[in-house]
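Below: the structure, in structure tokens.
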Amino acid sequence: MGQPSPARTQGEWWRAAVIYQVYVRSFADGDGDGTGDLAGVRARLPYLAELGVDALWFNPWYLSPMADGGYDVADYRAIDPAFGTLAEAEKLIAEARELGIRTLVDIVPNHVSDQHPWFQAALAGGPERELFHFRPGRGAHGELPPNDWPSQFAGSAEPVWTRMPDGDWYLHLFTPEQPDLNWAHPAVRQEHEDVLRFWFDRGVAGVRIDSAALLAKDPDLPDFVEGRDPHPYVDRDELHDIYRSWRAVADAYDGIFVGEVWLPDTERFARYLRPDELHTAFNFSFLSCPWDAGRLRTSIDETLAEHAPVGAPATWVLCNHDVTRTVTRYGRTDTGFDFTTKAFGTPTDLSLGTRRARAAALLSLALPGSVYLYQGEELGLPEVELPPGSIQDPMHFRSGGTDPGRDGCRVPLPWAAEAPHAGFGGEPWLPQPADWPAYAADRQADDPDSMLGLYREALRIRRTEPGFGDGPLGWLPAPDGVLAFARPDGLRCVVNLSGIPAELPEHSRLLLTSGPLDAEGRLPQDTAAWLRG
Ligand code: NOJ
């Protein structure tokens, strides 16, 4: 069973952790109402311990009208009743900790729900208006939005301003149900530091920061001009002062941060990871990197180079609740290099995608730093093409129905092949496809060749081999299309992306492969191996 190694239970555990992302609504339904909940998670803690993860990151579980899957928070100190109670969350945090699993919560500082008491008070005309961005419109009668900023939802042409009956407009980079907070106001800072303490006091080990680079806005809210520096709302310098204050709060608890920081400029990205700011940030480079040895190597080198000067560990992400699932992305046959494209009816070869996803898992888990694993990735779940009538994601609606949105990676998990709804619980809030039982955890549990078997074994080896995780990486000579690198303690990883079977190094012991070797003992295309020596 997944006993954590001493290195993972002490000191800077987060530098090499494997962190499992729980999208509560779709993980496991304990009360049979079709929505995943904390009871469901608690019942599955033994599964997570056996999988061997070091920590759980929970997507927002707070009171929310769920206009954006809980990223519209009405009360940061309450659990949504659909998920359970605060007492249950406290029990869950404690029970996980007993199994050696830490908990991270998700804080959404850029915006709140339009049902949040602050926004409700603002609508009633109270001084709380100052906590948001209310502005008169442009045009002769204020009928035009105050500026031209684009929506943060890709593919959406919807404005980021909504007009109130009194004529003023308010800013929302996401949906109208998610008004942006005014981070220049001291009460906004104070409240968030209190919320951090609230969760650290309940035993959480860390916090994921949603939209971490968007909080600060140019007070003049000027029009967006391509290339203008500083940007009116992305990556503004004021943010660093905010995160230095947050760091002081976290340090008092030994808590850690992982920032959701999407920034193309690597030097600017690394600023968030200075020793007195965030401990880590998501590295999303693999999400848009094609399955190509040269491109992956560049992505790895750039990632390590950008983290090195600030001494922060890299993170590796193959999937999350916002992107197309890994096996589908890697199996897409006609989208060229654009692996994040979401499209209805894109041709996909799932067996190719699965082979590559298995190899990508061993690649990521062998790299220096920590790894994020999105629920269902360990089951090899594909993206689901939902019938448009069942889609709930606002991204779909804000694209005018052209973008399928993100529900395809949020379909409730299959636990038991023979049980109703594949063992999820009640009738799931998103329909499961007919072949879902084939992916069920119970069907994979005893099969070492399954995706679940691969992840369990990889995490077991990673736990017992301190050479994986944080530390140096050295590239080894390899034929074209083959990635080969050495880690401390004689550990090696070889990934073959070429069409020619690759010879494995002589005198080395095979620890694990993502698929069978060929009859000559060579590593076939789209296969990875871990070795020692
Ligand atoms: C990023 C989250 O991952 C996504 O799911 C959400 O829609 C936006 N931030 C807005 O909070």
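The values are calculated or read from the model by the stated rules, or taken from the named source; none is laboratory data. Treat the numbers as computed from the prediction; the structure is a model and nothing was measured. Heads up, the Cβs are rebuilt from the backbone with ideal geometry, glycines too, and the neighbour counts pull from every protein chain shown. Side chains are part of the model used for accessible areas, which takes the heavy atoms of the whole protein and leaves out ligands, DNA and RNA. Shrake-Rupley method; radii C 1.70, N 1.55, O 1.52, S 1.80 Å.
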Original post:
Can you give the accessible area of TYR170, probe radius 1.4 Å, in Å² rounded to 10?
Top reply: 10 Å²
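Quick check: with the 1.4 Å probe, what order do GLU128, GLU277 take by accessible area, largest first?
Details: GLU128 55, GLU277 0 Å².
So the residues, ranked largest to smallest area, are GLU128, GLU277.
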Original post:
Using Cα atoms only, what is the angle between the long axis of helix 238-251 and the major principal axis of the chain, expressed in degrees (0 to 90) to the nearest 10?
Top reply: 60 degrees
Original post:
Hey, if we sort PHE174, PHE397 by accessible area with the 1.4 Å probe, largest down, what's the order?
Top reply: PHE397, PHE174
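Report the relative contact order of the stretch 71-205, percent, no decimals, based on alpha-carbon pairs under 8 angstrom and at least 6 residues apart. All intermediate terms of the calculation are to be shown ahead of the outcome.
Working: 185 pairs, mean separation 36.2, N = 135.
Relative contact order comes out at 27 percent.
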Subject >> the chain: calculated mean residue ellipticity at 222 nm from DSSP helix runs of at least 4, using -39500 (n - 2.57) >> reply: -7500 deg cm²/dmol
Original post:
How big is the accessible area of TRP161 in square angstrom, nearest 10, if you roll a 1.4 angstrom probe over the protein chains?
Top reply: 10 Å²
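Pop the C-beta distance of ALA124 and ASP489 into the FRET formula with R0 = 51 Å and round what comes out to the nearest 0.05.
Working: r = 63 Å, r/R0 = 1.23.
In this case the efficiency is close to 0.20.
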Original post:
What list of ³J(HN,Hα) values in whole Hz, one per residue of the stretch 29-40 in order, does the Karplus curve 6.51 cos²θ - 1.76 cosθ + 1.60 (θ = phi - 60°) give from phi, with Gly and Pro shown as x?
Top reply: 9, x, 10, x, 9, x, 10, x, 8, 5, 4, x
Subject >> Most to least packed among 37-43, 507-513 [average Cβ atoms within 10 Å] >> reply: 37-43, 507-513
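How big is the antiparallel share of DSSP beta bridges in the stretch 81-218, given as a percent to the nearest 5?
Working: 8 of 12 bridges.
In the stretch 81-218, DSSP labels about 65 percent of beta bridges as antiparallel.
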Original post:
If eta is 1.002 mPa s and T is 20 °C, what Stokes-Einstein diffusion coefficient results for the chain, Kirkwood Rh from Cα pairs, in µm²/s?
Top reply: 89 µm²/s
Original post:
So, in nm, how far is label ARG228 from label GLU267 when the simple model puts each one 7 Å beyond its Cα toward the Cβ?
Top reply: 2.3 nm
**OP:** For the chain, find the longest principal axis of its Cα atoms and tell me its angle to the long axis of helix 350-366, 0 to 90°, nearest 10.
**Re:** 90 degrees
Original post:
What full-extension length gain, to one decimal in nm, is calculated for THR333 and GLU302 as 0.36 nm per residue of separation minus the Cα-Cα distance?
Top reply: 8.5 nm
Original post:
Given a 1.4 Å probe and the protein chains all in place, what does the accessible area of ASP220 round to, in Å² to the nearest 10?
Top reply: 130 Å²
Original post:
With all protein chains present and a 1.4 Å probe, how do GLU238, GLU503, GLU385, GLU465 order by accessible area, largest first?
Top reply: GLU503, GLU385, GLU238, GLU465
Subject >> Long-range HN-HN contacts of TRP161 with modeled amide H, under 5 Å >> reply: HIS172
Subject >> Whole-Å distance, taken between Cα centres, linking the stretch 290-307 and the stretch 414-473 >> reply: 27 Å
Subject >> Simple spin-label estimate for GLU506 and GLU520 in nanometres, 7 Å along Cα-Cβ >> reply: 1.5 nm
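Arrange the peptides 414-424, 367-377 so that the one whose residues have, on average, the most other Cβ atoms within 10 Å appears first. Before the final figure, lay out the partial values.
Working: 414-424: 19.2, 367-377: 24.3.
By packing density, highest mean first, the sequence is 367-377, 414-424.
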**OP:** Quick one: angle between helix 86-98 and the longest Cα principal axis of the chain, in degrees between 0 and 90, rounded to 10, please.
**Re:** 30 degrees
Original post:
Given Cα pairs under 8 Å that are at least 6 residues apart, what percent is the relative contact order of the stretch 32-112?
Top reply: 37 percent
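Assign one of three labels to the stretch 242-327, namely rounded, prolate or oblate, based on the Cα gyration tensor with a ≥ b ≥ c the square roots of its eigenvalues; rounded applies when a/c is under 1.5, prolate when it is not and a/b is larger than b/c, and oblate otherwise. Each step should come with its number before you reach the end.
Numbers: a/c = 2.66, a/b = 1.70, b/c = 1.56.
It comes out prolate by the Cα gyration axes.
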Original post:
Taking H as built 1.01 Å from N, whose amide H comes closer than 5 Å to the amide H of LEU512, not counting residues under 5 places away?
Top reply: TRP530
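Please report, as a whole percent, how much of the solvent-accessible surface of the chain comes from carbon and sulfur atoms (probe radius 1.4 Å). It would help to have the intermediate numbers written out before the result.
Values: 10320 of 19680 Å².
Whole-percent figure for carbon plus sulfur exposure: 52.
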Subject >> Hz values of 3J(HN,Hα) by residue in the stretch 104-114 - Karplus curve (6.51, -1.76, 1.60), Gly and Pro given as x >> reply: 10, 9, 10, 9, 10, x, 6, 8, 10, 6, 5
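Let me know the Kirkwood hydrodynamic radius for the stretch 283-362, please, with Cα pairs as the basis and the value in Å to one decimal.
On the way: mean 1/r = 0.0751 Å⁻¹.
One over the average 1/r among Cα pairs gives 13.3 Å for the stretch 283-362.
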Original post:
Taking H as built 1.01 Å from N, whose amide H comes closer than 5 Å to the amide H of SER113, not counting residues under 5 places away?
Top reply: VAL73, ALA74
Subject >> Per residue accessible area of the chain, 1.4 Å probe, in Å² >> reply: 37 Å²
Subject >> Zone residues, the stretch 148-168, relative to THR402, backbone N less than 15 Å from point 7 Å out along Cα-to-Cβ >> reply: 151, 153-159
Subject >> Full-extension gain in nm, ALA248 to ASP220, via 0.36 nm per residue minus C-alpha separation >> reply: 7.1 nm
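As a test, work out the antiparallel percent of DSSP beta bridges whose residues both lie in the chain, rounded to the nearest 5. Kindly include the intermediate steps, with their values, before the conclusion.
On the way: 30 of 54 bridges.
Close to 55 percent.
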Original post:
Using alpha-carbon pairs under 8 Å, 6+ residues apart, how would you state the relative contact order of the chain in percent?
Top reply: 13 percent
Subject >> Point-to-point label distance, HIS141-SER390, nm (Cα→Cβ direction, 7 Å offset) >> reply: 4.5 nm
Subject >> Under Karplus coefficients 6.51, -1.76 and 1.60, residue-wise ³J(HN,Hα) of the stretch 449-457 in Hz, glycine/proline x >> reply: 8, 6, 4, 4, x, 5, 4, 4, 5
